[in-house]
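The values are calculated or read from the model by the stated rules, or taken from the named source; none is laboratory data. All figures in this text were calculated on a predicted structure; none of them were measured in a lab. Reconstructed Cβ throughout: ideal geometry from the backbone, glycine too, with neighbour counts over all protein chains shown.
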Amino acid sequence: MPEPRYYHVYIMASRRNGTLYTGVTNDLAKRAYQHRNDIIRGFSSRYGVHRLVWYELHHDIRAAIHREKCIKKWHRAWKLDLIEAFNPYWEDLFARDPFPPSCHSRDDPRVRGENPEA
């Protein structure tokens, strides 16, 4: 049986209440690294959007893309509320040790649908 794929919708920020970027990826660690190090020239490098402040796991790429498109249409205040409910201090989630624990691993409690804080 093939390894299941996981997708993340994520928000990067330049700073608390700063410029926001919303995206979708199948490799969150790699994509956050690319944003942080300006590897791909574009919006994030132009506006210094280097801090991963929010992400959400999806098992279906269509659902992840739909969620990304919805969030991109949201009012800014709604995006700020989403971030602050998940990450009230706007910590750079990429800088956490470990980052985030095995995003694509079946051993990750978030992938199994469990609460990692329990």
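Among the residues of the stretch 68-81, the ones that are closer than 21 Å to ARG5 by Cβ and buried (at least 17 other Cβ atoms within 10 Å of the Cβ) come to 2 in all. Taken over the stretch 7-28, the criterion of being touching a His at 6+ places or on another chain (Cβ under 6 Å) and over 14 Å from ASP92 (Cβ atoms) is satisfied by TYR7, THR25.
Within the stretch 7-31, the set of residues being small (Gly, Ala, Ser) and either modelled with pLDDT under 95 or not in a loop (DSSP other than H, G, I, E, B) (or both) comprises ALA13, GLY23, ALA29. Of the numbered criteria (1) part of a helix (DSSP H, G or I); (2) among the charged types (D, E, K, R); (3) within 24 Å of ARG5 (Cα to Cα), the one GLU84 fails is (3).
Scanning the stretch 36-70 for residues that are closer than 14 Å to VAL24 by Cβ and in a strand (DSSP E or B) yields a total of 6.
Residues that are surrounded by fewer than 16 Cβ atoms within 10 Å (Cβ to Cβ), over 12 Å from the mean Cα position of the chain (by Cα) and at positive phi do occur in the stretch 46-58, at least one of them. Candidates are the residues of the stretch 87-102 that are loosely packed, with under 12 Cβ neighbours inside 10 Å and outside any helix (DSSP H, G or I); the one that is modelled with the lowest pLDDT is PRO98. If the condition is being within 15 Å of HIS8 (Cβ to Cβ) and charged (D, E, K, R), then the stretch 79-98 contributes only ARG96.
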